[in-house]
Amino acid sequence: MKRGTTLFILIISLIMPLVLAADVNISNANNTNDEDSKINKAYSCLEDKVVDNCDDLSLEEKIFSLLSLGECKDELISEAEGDKECWPSGNCDVKLTAIALLALDEAGTSASDAEDWLLSQYTVPSNVNWFLEIENPNGETSCTITYSNSSYAGISIQEDKKISPGSQGLGSCLSLESNAYWLNIAPSCYDKEFKISCSEGFLTTLLFKKDDSSTIHVSEDAHTASAEGATTETVNSLCFSEGSSCNYEGSLWATFVLDYLDHDVSAYIPYLVTTAEDNERYLPKSFLFRLTGYSDFKNDLLLKQKSKYWDESGDKFYDTALAMYSLYENSQEEKNTEDWLLE
């Protein structure tokens, strides 16, 4: 089967249920020019290519056939490593396992072994740098930071928000960022818990950035405490790996699917955010908008639209399907894209 058929299956899988919106009876379409009739033709074409032909399909085509038509489940399962542990057998792949898990879940078939396998395929990104920020909204304060059973007192947060270490220094895990507004956290200490206590009311949060970027991202979790109170901060930064390295496209799909299955995926978001600009061909803002709901990701995604479609990877149908799956809100722009797909 040609690559174009895979794209067609993806479009049907992701877009048509949204176009239908509810229980539209596509079999009763009479007008060949109306929307329901076009959807009916699309499903008929897809059925002709899939039904009774599952053995001839690629693994990806089987996955999307199961999502769109409920077909090829047994053939998909037969390609798994072990008892639905990962896909394909002998060369397990994060992205393919993630979407196979999604398809089986949508089909009402348990794949807990695949879920467990995905959750085990993590590593710590080597290109995401982390910082600790301590602020006193009302002026100066003196703080103590405790980690690894050692405390470092006399750390001054000045009125201009700059940090000055005390006589005990900052220990091996922390160092002053070049402008002295934040503290660098050493990569070897990302698993440490940092306890912060200050003489006045204060706020702490974590910042992160890609190692070769000037863009600083602020963690969505900020913590406050009153005078002599305490906050704790711990870096939680992961990605999904192929071998020992992060795999960006695999991380997008695995994070999306595990979030869909109600897992906490917050540890994977910083890597996806900081590396998005290097991976625009995978349309990361579509995934990030669904994962976070942040309007900035939606706006960035809309800016990528070329007239009525998206084309970042070179496959405008694949990219448009992914974008519409995230954006579908019945706006006029999205209706124009829907009409373009149907045409």
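The values are calculated or read from the model by the stated rules, or taken from the named source; none is laboratory data. This structure is a prediction, so every number in the text was calculated from the model and none was measured. All Cβ positions, even for glycine, are placed from backbone atoms using ideal geometry, and neighbour counts span all protein chains on display. Calculation scope for accessible area: heavy atoms of the full protein, side chains included, ligands and nucleic acids excluded. Shrake-Rupley method; radii C 1.70, N 1.55, O 1.52, S 1.80 Å.
Taking packing as the residue-averaged number of other Cβ atoms within 10 angstrom, the listed peptides 249-258, 80-89, 98-107 run from highest to lowest as 249-258, 98-107, 80-89. For the chain, the cysteines with no partner cysteine C-beta closer than 4.7 Å are Cys45. Within the straight-line cut-off of under 14 Å between alpha carbons, the aspartates and glutamates reachable from Lys210 are Glu277, Asp278, sequence neighbours fewer than 8 places apart in one chain being disregarded. Dividing the summed -39500 (n - 2.57) terms of all DSSP H runs of n ≥ 4 by the residue count of the chain sets its mean residue ellipticity at 222 nm at -11500 deg cm²/dmol. Taking a straight line from the alpha carbon of Lys316, these lysines sit under 24 Å away, with near neighbours fewer than eight places off in the same chain left out: Lys2, Lys38, Lys41, Lys49, Lys62, Lys95, Lys285, Lys298, Lys304, Lys306, Lys308, Lys335. The residues neighbouring Asn127, those whose beta-carbon lies less than 15 Å from its own, together hold a net charge of -2 under the Lys/Arg +1, Asp/Glu -1 convention. Across the range 225-241, coupling constants 3J(HN,Hα) worked out from phi with the 6.51/-1.76/1.60 Karplus curve, θ = phi - 60°, read 8, 7, 3, 6, x, 9, 10, 10, 9, 9, 5, 10, 10, 9, 9, 9, 10 Hz, and Gly and Pro carry x. Taking 4 °C and 1.567 mPa s as conditions, the range 68-195 diffuses translationally at an estimated 70 µm²/s according to Stokes-Einstein applied to its Kirkwood radius (Cα pairs).
Per-residue Karplus couplings for the range 292-300, computed as 6.51 cos²θ - 1.76 cosθ + 1.60 with θ equal to phi - 60°, are listed in order as 10, x, 6, 5, 4, 5, 5, 5, 4 Hz, Gly and Pro entered as x. For the range 103-164, with all protein chains in place and a probe radius of 1.4 Å, 37% of the accessible heavy-atom surface sits on carbon or sulfur. Mean separation of Cα pairs under 8 Å and 6 or more residues apart, divided by the residue count, gives the range 167-255 a relative contact order of 24 percent.
Each label was represented as a point 7 Å from its Cα along the Cα-to-Cβ direction; for Ser110 and Val51 these points are 3.2 nm apart. Accessible area per residue for the chain is 47 Å², calculated with a 1.4 Å probe on protein heavy atoms, without ligands, DNA or RNA.
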